[in-house]
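Chemist: Quick one: this structure, given as C-alpha cells, is what I'll be asking you about.
The values are calculated or read from the model by the stated rules, or taken from the named source; none is laboratory data. Not measured: the values here are computed from a predicted model. Here the Cβ is made from the backbone with ideal geometry for all residues, glycine too, and neighbour counts use every protein chain on show.
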Amino acid sequence: MAEAGPVLDVRNLTMDFGGLRAIDSVSLDIMPGEIVALIGPNGAGKTTFFNCVTGLYTPTSGEILLSARGQRKRLNGLKPNHITALGMARTFQNIRLFPHMTVLENVMIGRHCRTRSSIFGAIFRPPATRQEEAESIEISYGLLKEVGLTALVDETANNLPYGAQRRLEIARAMATEPALLLLDEPAAGMNPSETRELQALILRLREKHDLSILLIEHDMKLVMSLSDRVCVLEYGTQIAQSTPEEVSRDPRVIKAYLGEEADA
C-alpha cells in the first residue's frame, strides 16, 4: 500500500566541507510513484546530495525523512546499509559491480538485507536456509528477466557490455526491494538505442514495483521525457523546481545548464 505523504522528504539540506558549502539549504520531496530528476552543471552538488541522502555523508544541517515499508524514519547519521534496509537503493555514476562474480551472484548480493540466515545457517544449511536461498535465486532470476539479462546469468560481470553492466547494477539495487530508487547518471556512456531501452526499463520498473525514482542525469532528452518534476542545482543552491516543460523555459536554468548544453 502506497504511503500517503512523500516517500522522501528532504528539508533545508546543507553540506559543508571545511569552508566550502557544497549544498546550501536544499529542500526536495518525492511522492509515491513519482520520477524526479536532479540536474545541474558539473560541480553543482548533485552527487553530494545523493551521498547525504544515502548515508555516505552526514549533512551539516537539515533533515532527511524516508517513508517506506510501513514506517517513517529520519535518516541523518544512519549507515548506508541501514538506509538500504529501510527501503532505499542506489546505483553509482561509476559502476560498482563485483567483477569476478556471475551476473546472478551480483543480484543475489542485493538480497542480503532481506534474508535472515545466520552464520550457523550458512554452515549447517538447515531446511529454512536452503528455502531462503532458493527464494533468493528465484527473485534474482526474475529481476534479471526484467532487465533482459537472463541469457547472461552465468557470465561474470566484467565480461558484460557496458549497457548490460548498467542494467545489472539496477537489478542488484532492485533486489533490495526498495520503495525509492536513486539512479546516478544511469545513461552515462550509453548510445541512443541503449538510452531508449533504459527509459523503457525505468518506466516498467516504476509500474511493476510501485517505485519512486530520483535520478541524476545529463541527458536532457531523457530527463525531459522521463521526469514528472525536475530540480535544478547551481553551486549547491536550488534555482528551480517544477515540471520539465516549465524548467526548460526558466531563464536561470537556460543560463546555468540548458544553455551550456546548447553552446557545447
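Chemist: When you look at P41, is it touching a helix residue (DSSP H, G or I) at 6+ places or on another chain (Cβ under 6 Å) and either of a type in the set (K, R) or modelled with pLDDT of 95 or more (or both), yes or no?
Modeler: no
Chemist: Name the residues in region 190-212 that are in contact with a Gly (Cβ under 9 Å, 6 or more places away or on another chain) and touching a residue at least 60 places away in the same chain (Cβ under 8 Å), would you?
Modeler: R206, D210, L211, S212
Results for (1) crowded, with 21+ Cβ neighbours inside 10 Å; (2) within 29 Å of T14 (Cα to Cα), shown as yes or no for each residue.
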| position | (1), (2) |
| --- | --- |
| L143 | yes, no |
| M174 | yes, yes |
| A179 | yes, yes |
| G189 | no, no |
| S193 | no, no |
| E197 | no, no |
| S227 | yes, yes |
| I239 | no, yes |
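Chemist: What strands (runs of 3 or more DSSP E), lying completely within region 26-93, carry at least 3 residues that are surrounded by 15 or more Cβ atoms within 10 Å (Cβ to Cβ)?
Modeler: 35-39, 61-68, 88-90
Chemist: Just one of Y162, Y235 is aromatic (F, W, Y) and under 20 Å from the mean Cα position of the chain (by Cα); which is it?
Modeler: Y162
Chemist: Within 16 Å of the chain's Cα centre (by Cα) and in a helix (DSSP H, G or I): does that describe L222?
Modeler: Judged against the criteria, L222 is a match.
This table checks each residue for (1) outside any helix (DSSP H, G or I); (2) at pLDDT 95 or above; (3) touching a His at 6+ places or on another chain (Cβ under 8 Å); (4) under 16 Å from A37 (Cβ atoms).
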site	(1), (2), (3), (4)
L182	yes, yes, no, yes
P186	yes, no, no, yes
S193	no, no, no, no
R196	no, no, no, no
L203	no, yes, no, yes
L215	yes, yes, no, yes
V247	no, no, no, yes
V253	no, no, no, yes
A256	no, no, no, yes
